[in-house]
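Below is one structure, written out as structure tokens, with a few remarks after it.
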Amino acid sequence: MKKIKWIILILFILGNVMVYNHAYQFTHFTAGEGIRKKPENLNLSEKIKILFCGAQIPKRRNKVLPKQGFETIYIQSHEKLEGWFIEQPNPKGVVILFHGYSGSKSGILNYGNAFNELGYSTLLMDFMGSGGSEGYQTTIGFKESQDVEVAYDYVKERFPNQKIILFGSSMGAVAIMKSIHDVLIDPSTIILECPFGKMRTTVQKRFDVMNLPSFPFADLLLFYGSLQNGFNTFKHNPIEYAKSINTPTLLLHGAKDDRVTMQEIETIYNNLKGEKELIILEESAHENYLRHSKTDWKEAVSIFLK
């Protein structure tokens with residue numbers, strides 16, 4: 001019985017150390033170069049290594065610059081943020097763009113180009129810990145909501161008479177929703193792509209796509225993530241944030257998305273209070289929608305912004 005108790009204790013400690021490492025790696029990028037593999041593309045040895053140590057995710061750098069003239073701007077948030085401002089003559093407004101988890105602003109340049117073609121000036125932002133912004137921490141949209149606020153305030157002060165539109169993909173969409181929920185910024189319109197419904201659900205998906213048991217590890221990861229990052233990850237729920245949003249909202253989702261379920265999207269949509277529209281892009285997964293649904297995306301956005 002003593003041996004059994006010792007074995008159980010050792011396994012308990014080992015399991016908690018493993019999950020602690022996962023929580024830290026999930027919310028802290030590394031300084032080194034490398035390519036992030038999707039969990040479902042890992043081989044067995046890579047999965048075993050990640051199971052014990054957590055997945056190290058390199059900080060995504062901006063290796064592609066805008067082809068047109070741009071101004072690099074810096075704004076202070078939790079960290080000093082870097083953005084690219086691209087001005088259009090006689091613009092219809094300013095679109096502020098926010099990328100997804102482990103992304104950077106160079107990864108959403110094609111979105112910026114699309115808004116430029118529609119006649120809008122654009123400000124593409126790197127969240128804290130990403131691209132040209134300072135730091136290595138990410139909180140999957142929680143603290144990034146302050147980044148949304150300071151970027152919005154910057155544009156509002158610089159262009160007081162311009163319409164301000166917020167665009168966010170995945171984590172970027174979640175950060176926009178939380179910013180509106182918390183501080184009541186007042187953009188003219190928001191365009192949200194594939195926001196997750198609850199932090200707990202998206203963490204469970206992380207284990208599911210690796211064919212690893214999500215219970216009880218997902219809840220332990222959230223517990224340790226809360227301690228490491230200074231906020232209650234269990235309460236990071238865009239489904240609840242949606243209830244505070246009266247801003248006209250275009251919500252887009254890929255029919256082939258294996259990260260965010262249709263049920264999550266429908267619940268968010270139903271909770272939105274103001275003018276709203278839901279568009280399902282049949283050829284897209286959890287990705288940059290301009291890769292497979294460019295024509296449908298442009299049509300939906302241009303119609304909604306009229």
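From Ile239, Ile265, Ile280, which residue is crowded, with 19+ Cβ neighbours inside 10 Å and in contact (Cβ under 8 Å) with a residue 24 or more places away in the chain?
Going through Ile239, Ile265, Ile280 in turn, the sole match is Ile265.
Could you list all residues from region 160-184 that are of a type in the set (S, T, N, Q) and surrounded by 24 or more Cβ atoms within 10 Å (Cβ to Cβ)?
Within region 160-184, Ser169, Ser170, Ser179 meet the criteria.
Please enumerate the residues belonging to region 247-262 that are assigned to a loop (DSSP other than H, G, I, E, B) and surrounded by 15 or more Cβ atoms within 10 Å (Cβ to Cβ).
Within region 247-262, Thr247, Pro248, Asp257, Arg259, Val260, Thr261 meet the criteria.
Looking at Glu275, Glu266, which one is among the acidic types (Asp, Glu), closer than 21 Å to Arg200 by Cα and modelled with pLDDT of 95 or more?
Glu266
Modelled with pLDDT of 95 or more and surrounded by 15 or more Cβ atoms within 10 Å (Cβ to Cβ): which single residue out of Glu71, Glu157, Glu134, Glu117 fits that description? Break it down stepwise before answering.
Working: Glu71 fails: surrounded by 15 or more Cβ atoms within 10 Å (Cβ to Cβ); Glu157 fails: surrounded by 15 or more Cβ atoms within 10 Å (Cβ to Cβ); Glu117 fails: surrounded by 15 or more Cβ atoms within 10 Å (Cβ to Cβ).
Going through Glu71, Glu157, Glu134, Glu117 in turn, just one is modelled with pLDDT of 95 or more and surrounded by 15 or more Cβ atoms within 10 Å (Cβ to Cβ): Glu134.
Got at least one residue in region 142-160 being outside any helix (DSSP H, G or I) and at positive phi? Working first, answer last.
Narrowing region 142-160 to residues outside any helix (DSSP H, G or I): 142-143, 159-160.
Now drop any that are not at positive phi, which leaves none.
No, because not a single residue in region 142-160 is outside any helix (DSSP H, G or I) and at positive phi.
Do you know which of the residues in region 283-306 that are out of contact with any Asp or Glu (no Cβ under 6 Å at 6 or more places or on another chain) and in a loop (DSSP other than H, G, I, E, B) is surrounded by the fewest Cβ atoms within 10 Å (Cβ to Cβ)?
That would be Lys306.
Suppose we keep only residues that are in a helix (DSSP H, G or I), more than 15 Å from the chain's Cα centre (by Cα) and without any contact (Cβ under 8 Å) to a residue 40 or more places away in the chain within region 165-191. Which one would you say is farthest from Val260 (Cα to Cα)?
Going through the qualifying residues, I end up with Val183.
The values are calculated or read from the model by the stated rules, or taken from the named source; none is laboratory data. Please read all numbers here as calculations on a predicted model, not as lab measurements. Positions of Cβ are generated from backbone atoms using ideal geometry, with glycine treated the same way; all protein chains shown enter the neighbour counts.
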